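The values are calculated or read from the model by the stated rules, or taken from the named source; none is laboratory data. All figures in this text were calculated on a predicted structure; none of them were measured in a lab. Counting neighbours? That spans all protein chains shown, and the Cβs are built from the backbone with ideal geometry, glycine included. Ligands, DNA and RNA are stripped out before the accessible areas are found, and what is left, the full protein with its side chains, is counted by its heavy atoms. Shrake-Rupley method; radii C 1.70, N 1.55, O 1.52, S 1.80 Å.
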Amino acid sequence: MLEIKKYEFVKSVVSIKDCPKEYYPELAFIGRSNVGKSSLINLLCNNKHLAKVSEKPGKTQTINHFLINGNWYLVDLPGYGYAKVSKENRKNFQIIIEEYLQNRKTLKCIFVLLDIRHEMQHNDLLFLQWLGKNRLPFAIILTKADKLKKSELENELTKHFEEQPNIFITSSINKQGREDVLEFIEYLLEQ
Ligand code: GTP
Ligand code: MG
């Protein structure tokens, strides 16, 4: 099993040109604000204080690289669809994120996080379709599983794809799904 033995925060940037040079493979986490992207990175690294978490949506506002075991990156991204940031600001984020996702050659997989309690929102569906259109590799993570016994969302999701994407179910509270995601990352890193 892949173990995270070492992690270090590398940098926060607002433009792809300022990202670390494309050298090590990387895995990025995206999804609506407050869905638990930063918490998931902390879960994987077993450190609650590594990526900044907040009850208030809109916490992560930059592209954040964390170097893991000295040879791959986890990347924390801002959330999409956060109503309280200005329209212009939101547009700006969107451009930065799209630029990063479309151009980053070392990006192995985009983990799209969805809150297991909610139905899929319009912007989630638009985003997933955008990934498909751009032929970008992605997997889905249903977060906050501790808040719910059984998910409707998993069933609903399967209707939207011709080919089933990988779907993981996680909780940063009870650590559910941590090993499954790490195992999948290990597989991706071997490709
Ligand atoms: P932005 O950076 O604002 O886009 O949010 P984010 O997606 O990074 O979410 P973040 O990790 O900051 O978590 C948002 C809130 O959800 C915090 O209050 C977390 O404690 C809570 N949270 C995250 N994951 C879980 C989970 O698995 N279970 C429960 N119960 N709460 C969670
Ligand atoms: Mg965050």
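The residue that is least open to solvent (accessible area, probe 1.4 Å), among those in the stretch 1-33 that are free of Cβ contacts under 8 Å to residues at least 60 places away in the same chain and among the polar types (S, T, N, Q), is 33. Considering the conditions (1) in contact (Cβ under 8 Å) with a residue 12 or more places away in the chain; (2) surrounded by fewer than 17 Cβ atoms within 10 Å (Cβ to Cβ); (3) of a type in the set (D, E, K, R), residue 115 is excluded by exactly one of them, (2). Note on the stretch 158-170: residues that are touching a residue at least 40 places away in the same chain (Cβ under 8 Å) and among the aliphatic types (A, V, I, L, M) total 1. With the condition kept exactly as written, say whether any residue in the stretch 55-72 is closer than 17 Å to residue 4 by Cα, within 14 Å of ligand 2 (Cβ to nearest atom) and either in contact (Cβ under 8 Å) with a residue 60 or more places away in the chain or open to solvent by 20 Å² or more (accessible area, probe 1.4 Å) (or both). No, there is no match, as no residue in the stretch 55-72 is closer than 17 Å to residue 4 by Cα, within 14 Å of ligand 2 (Cβ to nearest atom) and either in contact (Cβ under 8 Å) with a residue 60 or more places away in the chain or open to solvent by 20 Å² or more (accessible area, probe 1.4 Å) (or both).
When every residue of the stretch 146-160 is checked against the conditions, none turns out to be touching a strand residue (DSSP E or B) at 6+ places or on another chain (Cβ under 7 Å), at pLDDT 95 or above and of a type in the set (Gly, Ala, Ser). Yes or no: residue 94 part of a helix (DSSP H, G or I), out of contact with any strand residue (DSSP E or B) (no Cβ under 9 Å at 6 or more places or on another chain) and open to solvent by 20 Å² or more (accessible area, probe 1.4 Å)? Taking the combined requirement at face value, the residue does not satisfy it. Among the residues making up the stretch 63-83, a single one is more than 10 Å from ligand 1 (Cβ to nearest atom), under 18 Å from residue 33 (Cα atoms) and assigned to a loop (DSSP other than H, G, I, E, B): 83.
Would you call residue 141 touching a strand residue (DSSP E or B) at 6+ places or on another chain (Cβ under 6 Å) and either open to solvent by 70 Å² or more (accessible area, probe 1.4 Å) or hydrophobic (A, V, I, L, M, F, W, C) (or both)? Spell out the reasoning first.
On the way: touching a strand residue (DSSP E or B) at 6+ places or on another chain (Cβ under 6 Å): yes; either open to solvent by 70 Å² or more (accessible area, probe 1.4 Å) or hydrophobic (A, V, I, L, M, F, W, C) (or both): yes.
For residue 141, the condition - touching a strand residue (DSSP E or B) at 6+ places or on another chain (Cβ under 6 Å) and either open to solvent by 70 Å² or more (accessible area, probe 1.4 Å) or hydrophobic (A, V, I, L, M, F, W, C) (or both) - is met.
The residue list 88, 99 contains one member that is of a type in the set (Asp, Glu), in contact (Cβ under 8 Å) with a residue 12 or more places away in the chain, away from ligand 2 (no atom under 16 Å from the Cβ) and within 25 Å of residue 122 (Cβ to Cβ), which is 99. For residue 120, the conditions (1) within 19 Å of residue 175 (Cα to Cα); (2) in a loop (DSSP other than H, G, I, E, B) all hold with the exception of (1).
For the stretch 41-61, the condition holds for at least one residue, the condition being that it is in contact with a helix residue (DSSP H, G or I) (Cβ under 9 Å, 6 or more places away or on another chain), near ligand 1 (Cβ under 8 Å from one of its atoms) and assigned to a helix (DSSP H, G or I).
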